[in-house]
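What follows is a short report on a single structure.
The values are calculated or read from the model by the stated rules, or taken from the named source; none is laboratory data. The structure displayed is predicted, hence computed values, not measured ones. Using ideal geometry, Cβ is built from the backbone for each residue, glycine included, and neighbour counts are taken over all protein chains shown.
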Amino acid sequence: MQLVKNKQDLIDNIITFETYLSKGSPEEIEFARNHIHLGKWLCVYKVNGENHFAPGDFVAFVKNNMKSALANANKETKDTRPAIDKIAGNSFENKTIEIKYKEFLDSLKIKINEGPRKYWRLRDVRGKYLDLDL
């Protein structure tokens, strides 16, 4: 699978992931919930002003979808995080974002997987936090 090359590649994957999570079939919802629960590297964006999160291992590949992600589940490369870093900037740890992540999981009634996490905050062309209107 080809790694993302630009912000639009990331946004397209985020929209796909967000659609699975909020409007998907039962299988797509379960897939998205499992991925968000296990995420260690997450992209942060907003949907209608609220923080949402998508796992880096999903958004890192061009035109990713559930079928491809499941087929390549054990093929994450050492290049996925640097590919996202080039587009979104270096990943970071942040206590406030961590709290927002826990609140997001609580809103989905998903139990948090303990452990350290890092985040990428996506911005739009104006430099503001990416806020999708879905």
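Hey, does segment 80-95 have a residue that's charged (D, E, K, R) and touching a residue at least 40 places away in the same chain (Cβ under 8 Å)? Among the residues of segment 80-95, at least one is charged (D, E, K, R) and touching a residue at least 40 places away in the same chain (Cβ under 8 Å), which makes the answer yes. Taken residue by residue, segment 115-130 has no member that is surrounded by 20 or more Cβ atoms within 10 Å (Cβ to Cβ), β-branched (Val, Ile, Thr) and on the phi < 0 side of the Ramachandran plot. For beta carbons closer than 7 Å, sequence separation of 6+ or different chains, a first residue in segment 12-27 that is over 18 Å from residue 131 (Cα atoms) and a second that is modelled with pLDDT of 95 or more and buried (at least 18 other Cβ atoms within 10 Å of the Cβ), the qualifying pairs are 24/32.
Restricting 32, 71 to those that are under 13 Å from the mean Cα position of the chain (by Cα) and of a type in the set (Gly, Ala, Ser) reduces the list to 32.
Scan segment 25-40 for residues that are in contact with a Phe, Trp or Tyr (Cβ under 8 Å, 6 or more places away or on another chain) and more than 10 Å from residue 58 (Cα to Cα) and the total you get is 3. Under the condition of being crowded, with 21+ Cβ neighbours inside 10 Å, in contact with a Pro (Cβ under 8 Å, 6 or more places away or on another chain) and farther than 18 Å from residue 4 by Cβ, the residues counted in segment 21-77 number 1.
Taking segment 57-68 as the region of interest, how many residues are under 21 Å from residue 133 (Cα atoms) and in contact (Cβ under 8 Å) with a residue 60 or more places away in the chain? So the count comes out to 1.
Restricted to segment 104-114, and to residues there that are touching a residue at least 12 places away in the same chain (Cβ under 8 Å) and in contact with an Asp or Glu (Cβ under 9 Å, 6 or more places away or on another chain), the residue that is surrounded by the fewest Cβ atoms within 10 Å (Cβ to Cβ) is 112. Residue 83 satisfies every condition listed in (1) more than 26 Å from residue 133 (Cβ to Cβ); (2) surrounded by fewer than 18 Cβ atoms within 10 Å (Cβ to Cβ) except (2).
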